[in-house]
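Remarks on the structure that follows.
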Amino acid sequence: MSDPLAPLFDGHEIPPAGPRPEEDPTAKARGVCLRLLTSAPRTRAQLEQALQRRNTPDEVIETVLDGLGEAGLIDDVAFAEAWVDSRHAGRGLARRALASELRRRGVAEETVRDAVDELSAEREEETARRLVRRKLAATAGRDDTTRIRRVMGMLARKGYSAGLAYRLVREELEAEGVEVDLPDPGPDLD
């Protein structure tokens, strides 16, 4: 007697019984992670959250993330270092803002501290000074109070300390020949 399913597979082997690959939770979770990693680097915590939102079992999450970590596809230390370099160079963010962003992405505190400590105080000040000069140039012609408020606000949003901001604004305005009486917020604590 012939197999009644044979015409459906036209001479090809009948697939084995059991879950299809797209139904296998481990394969599905791995696929989700690989798609996410293809679009942008991610931390382990970000991938874990994505899998949890898809109701992936905890043991599958651990297995998949451990495997991706062993393969070098998840590396929170490398992620943090690259994030600090990129966001400081591109957006001019200070160490405080960079640390906050990394924490929100689930990077461990020690890794955050190590990555942010790679950014020297001199480099941070140099970047802040460049930002101050650019903002002052963009606000030339406005009254000094408006210029100062805008520069100070920009530096605060980027995570720079008030002490550094006041000092740099004062120095750059004096270099322009503008006499300014800014309060001294005290020593830089950052």
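The values are calculated or read from the model by the stated rules, or taken from the named source; none is laboratory data. Predicted, not measured: the structure shown is a model, and the values here were computed from it. Remember, those area values only see protein heavy atoms, side chains included, never the ligands or the DNA or RNA. Shrake-Rupley method; radii C 1.70, N 1.55, O 1.52, S 1.80 Å.
The slack between residue 123 and residue 63, meaning 0.36 nm per residue of separation minus the straight C-alpha distance, is 17.6 nm.
Amide H contacts of residue 93: 88, each under 5 Å away and 5 or more positions distant or on a separate chain (H built 1.01 Å from N in the peptide plane; Pro and chain starts excluded). Counting only heavy atoms of the protein chains and using a 1.4 Å probe, residue 166 has close to 50 Å² of accessible surface. Per residue, the accessible area of segment 49-149 comes to 59 Å², computed with a 1.4 Å probe over protein heavy atoms only. Normalised by 2.2 N^0.38 Å, with N the number of residues, the alpha-carbon radius of gyration of segment 90-190 equals 1.16. Here the Karplus curve 6.51 cos²θ - 1.76 cosθ + 1.60, taken at θ = phi - 60°, turns the phi angles of segment 27-43 into couplings of 5, 5, 5, 4, x, 4, 4, 5, 5, 5, 5, 5, 7, 6, x, 9, 8 Hz, with x standing for Gly and Pro.
Counting 0.36 nm for each residue step from residue 55 to residue 77 and taking away their Cα separation leaves a gain of 5.2 nm.
Nonpolar atom fraction for segment 136-177, defined as the carbon and sulfur part of the 1.4 Å probe accessible area, stands at 47 percent.
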